[in-house]
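Just below is one structure, and these are the notes that go with it.
Rule-based calculations on the coordinates, nothing more; no lab input. Being a predicted model, the structure only gives us computed values, none of them experimental. Positions of Cβ are backbone-derived with ideal geometry, glycine not excepted, and every protein chain shown enters the neighbour counts.
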Amino acid sequence: MYRAIPVLLLSSVFLMRAESAPATPRADIAPAPGSRAAAAETTTSYPVRASENGHFLIDQHGKPFFYLGDTAWELFHRLNRHDAAVYLKDRAAKRFTVIQAVILAEHGGLDVPNANGDLPLEGKNPTRPVEAYFKHVDDIVNQAEALGLVVGMLPTWGSWWHDGKGIFTPETAEWFGTYVGKRYRDRPIIWILGGDRPVENDRQRAILDAMARGLKQGDGGRHLITFHPPGGRGSSQWFARADWLGFNMVQTGHGYNHANYEKIAADYAREPTKPCLDGEPGYEDHPAEFNPRNGYLNEHDVRKFAYWSLLAGACGHTYGCHDIWQFLAPGRQPITAARTPWRAAKDLPGAAQMQHARALLESRPILTRVPDQSLLASDPGRGADHIQAARADDGSYAFIYAASGKPFTVNLEKLSGVRLQGYWYNPRNGQSKPLDAFPRSGRKEFRPPSAGNGHDWVLVLDNEAKEYPPPGKSR
């Protein structure tokens, strides 16, 4: 989450024990031969490298991987096996591809047992993992894999390496990284370091570098690693040139109309070139700027964050729901004015509408997409009215997102072909309305079918000769 939560003070006895912990994994806590965590490498698609142009993710089969994430930070800590299955099946049905979850969770993650009554560590020592807790993590990872989902796995929330004295030293961070890296070596995983905290000194950087080094030692470098930053910041602020950082991640926070497209555009243009995405934008059903008096973000808000970032150059996008990440349930204290039990919140409209963004982008050659605001011959606007544009690098298609349905003018000379086929694509239901084909010449004004709050539209323009399918549909 965007704001820091004070962490419980640790005893000096434990700190002494952690400082003297071993720096290499013990054989007796490695995955048992024949266990699911030690099984043959997965066939579930997961990203292993950047595309040739450096802006997209490619899976182990050489195909583009669309990162459509959901924040389920407390998944391993708070849900039992059955409830985890309910949640994961729902997200798979809604065509999410990545579930972001934390092993050492933020809220009581070291002191409050999981749904089975197990803590993750003996004595809060990262070199003393509790096998029963990790078997529960194994089970959820395996359930996700069976549904075609990748786990964006945070070994630890940021509080445990950042706040106070934390529980990690560089030595124990490398040990723990090696342990979890080896345990999930053959599973569909993306590693996410950080956990909503800034890097403020050399010791913290050393801990993170050591954990990344351990992950690579444990999994043989099979999985990409990124960094989840605090609100308003990005991984590139600290790790743009780190050899372990596979792609950049920003967190743009929980308020109305945060201009996440600006942060994505900055990372898209940054050297060295790496894929980038918004790993924590405003959550659906989250009080705006953490104050219920401001109202709660809704499905239109989360759609704006998705389309703005994707057309600004992101390789994917993370959706979030305030009630889901904490798995709010009767008898559980709400965090930051959460108001909807998670079983009801999983059906909030924004979650189901994310798949339409994925379908739209995957209905055109995905690796050729480039952000291009020069497509607009009119003011792109700011705030709730902002318009974001992208096109194919050969001009064969364009996407122009009008967040509030206001009219805009397009410079057709940026596109290719003799004639253009246009469509209005509805981000609410994934349906499209074709326009009459017209010559590609000069500038042309377009007026979306409706306008106002909640009436966002995407104009799709295709080179007619390409005979692309209707937006959101595959050939």
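With the alpha-carbon atoms as the only input, what is the per residue convex hull volume for segment 368-466 in Å³? Don't skip to the answer; put the middle values down first.
Details: hull volume 8.8 nm³, N = 99.
Considering the Cα atoms of segment 368-466, their hull volume per residue is 89 Å³.
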>> Pairs of alpha-carbon atoms within less than 8 angstrom and 6+ residues apart define the contacts here; what relative contact order does segment 41-362 have, in percent?
In response: 17 percent
> Which ordering of LEU88, LEU310 is given by a fewest-first count of other beta-carbon atoms within 10 Å?
Replying inline: LEU88, LEU310
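Grab the Cα-Cα distance for LYS473 and ARG270, subtract it from 0.36 nm times how many residues apart they are, and report the gain in nm with one decimal.
On the way: separation 203, 0.36 × 203 = 73.08 nm, distance 3.27 nm.
Extra length available between LYS473 and ARG270 comes to 69.8 nm.
Given R₀ = 30 Å, what would the calculated FRET efficiency be for ALA377 paired with ARG49, taking r from the Cβ atoms and rounding to 0.05?
Working: r = 37 Å, r/R0 = 1.24.
Computed FRET efficiency for ALA377 and ARG49: 0.20.
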> Put +1 on the Cβ of each Lys and Arg and -1 on the Cβ of each Asp and Glu in segment 41-362; which of TYR133, MET354, THR44 then has its Cα farthest toward the positive end of the dipole?
Replying inline: THR44
> Around PHE239, with a cut-off of 11 angstrom between Cβ atoms, what is the net charge of the other residues, counting Lys and Arg +1 and Asp and Glu -1?
Replying inline: +1
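Quick check on segment 41-362: of the DSSP beta bridges with both residues there, what percent are antiparallel, nearest 5%? Numbers along the way, then the final one.
Numbers: 9 of 34 bridges.
Here the antiparallel bridges make up roughly 25 percent for segment 41-362.
Taking the beta-carbon count within 10 Å as an exposure proxy, list ARG382, ARG183, ARG447 from fewest neighbours to most. The partial results should precede the final answer.
Values: ARG382 10, ARG183 25, ARG447 14.
The most exposed by this proxy come first: ARG382, ARG447, ARG183.
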> Quick one: helix 299-311 against the long Cα principal axis of the chain, what's the angle to the nearest 10°, folded into 0 to 90?
Replying inline: 80 degrees
>> For a quick check: with amide H placed at 1.01 Å from N, whose amide H comes under 5 Å from SER396's, ignoring anything fewer than 5 positions away on the same chain?
In response: SER416
> Per-residue HN-Hα couplings for segment 417-427, Karplus 6.51 cos²θ - 1.76 cosθ + 1.60 at θ = phi - 60°, whole Hz, x for Gly and Pro?
Replying inline: x, 7, 10, 10, 9, x, 8, 9, 9, 9, x
> In nm, to one decimal, how far is the modelled label at ASP347 from the one at LYS466, with both set 7 Å along Cα→Cβ?
Replying inline: 3.9 nm
>> Give me the one-decimal nm value for the distance between modelled label points at ALA146 and GLU445, 7 Å along each residue's Cα-to-Cβ direction.
In response: 5.8 nm
>> Along each principal axis of its Cα atoms, how long is segment 264-396 end to end? Whole angstroms, biggest number first, please.
In response: 55, 29, 28
>> For the pair ASN80/TYR256, report the inter-label distance in nm, with labels modelled 7 Å from Cα in the Cβ direction.
In response: 4.2 nm
> Considering only ILE400, GLY422, PRO434, whose Cα is most displaced toward the positive end of the charge dipole of segment 378-475, charges sitting on Cβ of Lys, Arg (+1) and Asp, Glu (-1)?
Replying inline: PRO434
> So how much slack lies between ASP393 and LYS165, counting 0.36 nm per residue of separation and subtracting their Cα-Cα distance, in nm?
Replying inline: 77.2 nm
> Using the Karplus equation 6.51 cos²θ - 1.76 cosθ + 1.60 (θ = phi - 60°), what ³J(HN,Hα) coupling, rounded to whole Hz, does each residue of segment 149-161 give in order, writing x for Gly and Pro?
Replying inline: 9, 9, 9, x, 9, 8, x, 8, 6, x, 4, 7, 10
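Which order do CYS321, CYS276 fall in if you start with the one that has the fewest other Cβ atoms within 10 Å? Could the numbers behind the result be given before it?
On the way: CYS321 25, CYS276 29.
Lowest count first: CYS321, CYS276.
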> Applying the Karplus parametrisation 6.51 cos²θ - 1.76 cosθ + 1.60 with θ = phi - 60° to the phi angles of segment 235-242, what ³J(HN,Hα) value in whole Hz is obtained for each residue in order, glycine and proline being reported as x?
Replying inline: 4, 5, 4, 10, 10, 3, 9, 5
